Amino acid sequence: MVDVDEFIDEKVTEIAEAVGDANAVIALSGGVDSSTAAALAYEAIGDQLTPVYVDTGLMRKGETEEIRETFDYMDSLRIVDARERFLDELEGVTDPEEKRHVIGEQFIREFETVARDVDADYLVQGTIYPDRIESEGTIKSHHNVGGLPEVVDFEGIVEPMRDLYKDEVREVARALDLDELVSERMPFPGPGLAVRIIGEVTEEKLDVARMANHVVEEELAEHEPWQALAAVLGKATGVKGDNRVHGWVVAVRSVESRDGMTARAQEVDWDTLQRIQSRITAGHDNVSRVVYDVTHKPPATIEYE
Ligand code: XMP
């Protein structure tokens, strides 16, 4: 990207020309990519754009409220409370790809309802360059690429950031004056906490994952990782008070990366790790241990499923 202001002017014009007098929708996840794409498109076409935020129940702590506040200036913002529907659909689903599929399908259903309701002809997407590469290689099914266009019969798809890397997207976000909460936010996967839970997604595992991710993000912010996260692995024995418990094992992961395609596990000091451990084991009755993941990508991926 040569010049960020030039890029913005160019894309705003392109979006306005592409959409014309029609209506458009964008799935707003709160992540930097979709937020920046939404802000660009809103600048171009105003309330002809309906940003749709689906609360899947798989979001991080406080995320829905942050979205509501950050995008309050967009009158057309729609927030869909789909928490129960997602949990119902995920009941008994344990296979990682099946889980992604179920979430993707449900997401499409929720999104489609709004797209039809506002009579949208265009779909704006926050797809960036690494998403396209990983999808082409079918490393895993990303739910922010593909899927949506086939279901709703859109006249066109607008992907203003399809050639950008994440650090360039952040530059655009800053230039658009998006809240720091958004522009500096760590990447968060479309399927949300579900890919940080091994096996079936249950309310209890979600509670543990939400609490642990919050702790990890807070404690590791100053290490400036590309991503810091916590995942619920399985159960192991521990002792809490006078009782032996068979509780959740939480993995903590913090990685450095430029684009998410490869990553290095971060070296984190012992005191910080111990603080994380004690906050996470204290944060839920049923957590028995915390481990730190030292694996790079490859051979591991960043997320767990
Ligand atoms: P992995 O786990 O494949 O992740 O090393 C690479 C980067 O992509 C993010 N990720 C996703 N983002 N939808 C997304 O929007 C997805 O399905 C998805 N899966 C992984 C992950 O958080 C990391 O930044």
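The values are calculated or read from the model by the stated rules, or taken from the named source; none is laboratory data. Bear in mind the structure is a predicted one, so any value in this text is a computation, not a measurement. Cβ sites come from the backbone with ideal geometry, for glycine too, and all protein chains shown count toward neighbours. Accessible surface is based on the protein model in full, side chains and every heavy atom, while ligands, DNA and RNA are left aside. Shrake-Rupley method; radii C 1.70, N 1.55, O 1.52, S 1.80 Å.
Would you please list the contacts, defined by Cβ atoms under 7 Å and residues six or more apart or on different chains, that run from a residue in the range 285-305 that is in contact (Cβ under 8 Å) with a residue 24 or more places away in the chain to a residue that is of a type in the set (Ser, Thr, Tyr) and away from the ligand (no atom under 16 Å from the Cβ)?
Partner pairs satisfying both residue conditions: VAL287/THR281; SER288/THR237; VAL290/THR281.
Which one is farthest from the ligand (Cβ to nearest atom), of the residues in the range 260-293 that are more than 22 Å from the chain's Cα centre (by Cα) and in a loop (DSSP other than H, G, I, E, B)?
Out of the qualifying residues, it is ASP285.
Tell me which residues, restricted to the range 197-248, are in a helix (DSSP H, G or I), within 16 Å of the ligand (Cβ to nearest atom) and surrounded by fewer than 22 Cβ atoms within 10 Å (Cβ to Cβ).
Matches in the range 197-248: GLU217 only.
When you check TYR304 against the structure, is it open to solvent by 20 Å² or more (accessible area, probe 1.4 Å), under 22 Å from VAL208 (Cα atoms) and within 16 Å of the ligand (Cβ to nearest atom), yes or no?
Answer is yes for this residue.
Could you please let me know if ALA115 is open to solvent by less than 90 Å² (accessible area, probe 1.4 Å) and under 24 Å from GLY20 (Cα atoms)? It would help to see each step written out before you state the result.
On the way: open to solvent by less than 90 Å² (accessible area, probe 1.4 Å): yes; under 24 Å from GLY20 (Cα atoms): yes.
Here the answer is yes, as ALA115 does meet what is asked.
Just to check your reading of the model, which residue among VAL12, VAL93 is more than 20 Å from ARG210 (Cα to Cα) and at pLDDT 95 or above? Talk me through it step by step, then tell me what you get.
Values: VAL93 fails: more than 20 Å from ARG210 (Cα to Cα).
So the residue among VAL12, VAL93 that is more than 20 Å from ARG210 (Cα to Cα) and at pLDDT 95 or above is VAL12.
Looking only at helices (runs of 4 or more DSSP H) that fall completely inside the range 1-109, which ones have 2 or more residues that are closer than 25 Å to ARG162 by Cα? Before the answer, list the steps.
Numbers: elements: 4-19, 32-45, 63-70, 83-90.
Answer list for the range 1-109: 4-19, 32-45, 63-70.
Quick one: HIS296 ticks every box in (1) more than 16 Å from the ligand (Cβ to nearest atom); (2) farther than 16 Å from LEU220 by Cα; (3) touching a strand residue (DSSP E or B) at 6+ places or on another chain (Cβ under 8 Å) except a single one, so which number is it?
The single condition HIS296 does not satisfy is (1).
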